[in-house]
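This report refers to the structure that appears directly beneath it.
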Amino acid sequence: SVAIMLDRSDALAQLARWPDALKQLEAVDKLTPGQADVQLKLGDVLQGAGRWADAERSYLKAIGLAPRHPMPYNNLAWMTVARKGDAKKAVEWARKAVELSPGSSPFHDTLGWAERAAGNLTGAQGSLGKAIELEPRVAAYHLHLGTVQAELKQTAAARASLQRSVELSPNGAEAAQAKTLLKSLQGP
């Protein structure tokens, strides 16, 4: 059944078995063409497999099928920033995701990171602050805010944000990044 195939593709994707997950989703797409959620999942798997252009096409197809679904906009924005692509386009997509789902902290985080990539550090700071306001216990948000604050030369605020990131996830990937940035802010 389609539901089982979707569950299987999710499980395979969690194991980073991208080709197997892709086969499942392509089979679902043939059985139920024109489903935005299937295109979104295809985009996620293709992104995980590093097939960026194909992932972008799937996300754009999902948007064409369901233009009020915020996730493909968010994923396009994040992928574009991560690949150092068109930052202005990433900001557009991220803003659309936030417009469609203003209570989503991950979407505000993506918007903040996209604004940073576009050189709008003040806007980035505001978006990241909103992400933290909505969900204060996410270490990555504090790391991102601390990074922007450091770039704005707000050293004391940056230290506080980075320390909070470490407190929230002392053994996570964010902690290592936060500790590295904290060392660079120590000064003489």
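The values are calculated or read from the model by the stated rules, or taken from the named source; none is laboratory data. Every value quoted in this text rests on a predicted model; they were computed, and no experiment measured them. All Cβ positions, even for glycine, are placed from backbone atoms using ideal geometry, and neighbour counts span all protein chains on display. To get the accessible areas, we keep the full protein, side chains included, count just its heavy atoms, and leave off ligands, DNA and RNA. Shrake-Rupley method; radii C 1.70, N 1.55, O 1.52, S 1.80 Å.
Sorted on the mean count of surrounding Cβ atoms within 10 Å across their residues, most packed first, peptides 138-150, 60-72, 113-125, 22-34 read 138-150, 113-125, 60-72, 22-34.
For Asp37 and Lys84, a Förster radius of 22 Å and the Cβ-Cβ distance give a FRET efficiency of 0.15, rounded to the nearest 0.05.
Taking every protein chain into account, the accessible area of region 88-151 amounts to 41 square angstrom per residue (probe 1.4 Å).
Report the net charge of residues surrounding Leu111, where surrounding means a beta-carbon distance below 11 angstrom and charges are Lys +1, Arg +1, Asp -1, Glu -1. Computed value for this residue: 0.
Work the Kirkwood hydrodynamic radius out for the chain: mean of 1/r over every pair of different alpha-carbon atoms, inverted, in Å.
It is 17.5 Å.
Helix 173-184 and the longest principal axis of the C-alpha atoms of the chain enclose an angle of approximately 30°. The angle between the Cα long axis of helix 105-117 and the longest principal axis of the Cα atoms of the chain comes to about 70 degrees, rounded to the nearest 10. In sequence order, region 63-77 has phi-based couplings of 5, x, 7, 9, x, 9, 8, x, 4, x, 5, 4, 5, 4, 4 Hz under the Karplus curve 6.51 cos²θ - 1.76 cosθ + 1.60, θ = phi - 60°, and Gly or Pro positions carry x.
How far, in degrees from 0 to 90, does helix 87-100 lean away from the longest principal axis of the Cα atoms of the chain, to the nearest 10? It is inclined by approximately 80 degrees. For the pair Asn171 and Glu135, the difference between a 0.36 nm per residue extended length and the Cα-Cα distance amounts to 11.0 nm. If I take R0 = 41 Å and measure r between the Cβ atoms of Ala11 and Lys153 in this structure, what FRET efficiency does the formula 1/(1 + (r/R0)^6) give, to the nearest 0.05? Efficiency at R0 = 41 Å is approximately 0.35.
Residue-wise HN-Hα couplings along region 154-169, as the Karplus relation 6.51 cos²θ - 1.76 cosθ + 1.60 with θ = phi - 60° gives them from phi, are 9, 4, 5, 5, 4, 4, 4, 5, 5, 5, 5, 4, 5, 4, 6, 8 Hz; Gly and Pro carry x. Restriction of the trypsin sites (Lys or Arg not before Pro) in region 148-182 to DSSP coil positions whose beta-carbon has at most 15 other beta-carbons within 10 angstrom yields Lys153. Within the same chain, lysines fewer than 8 places from Lys84 are excluded, and of the rest, those with a Cα less than 20 Å from its Cα are Lys96. Placing a label point 7 Å from the Cα of Asp20 along the Cα-to-Cβ direction, the residues of region 44-77 with a backbone N closer than 20 Å are 44-51. Extending 7 Å from the Cα toward the beta-carbon at both Arg68 and Asp54 defines two label points whose distance is 3.2 nm.
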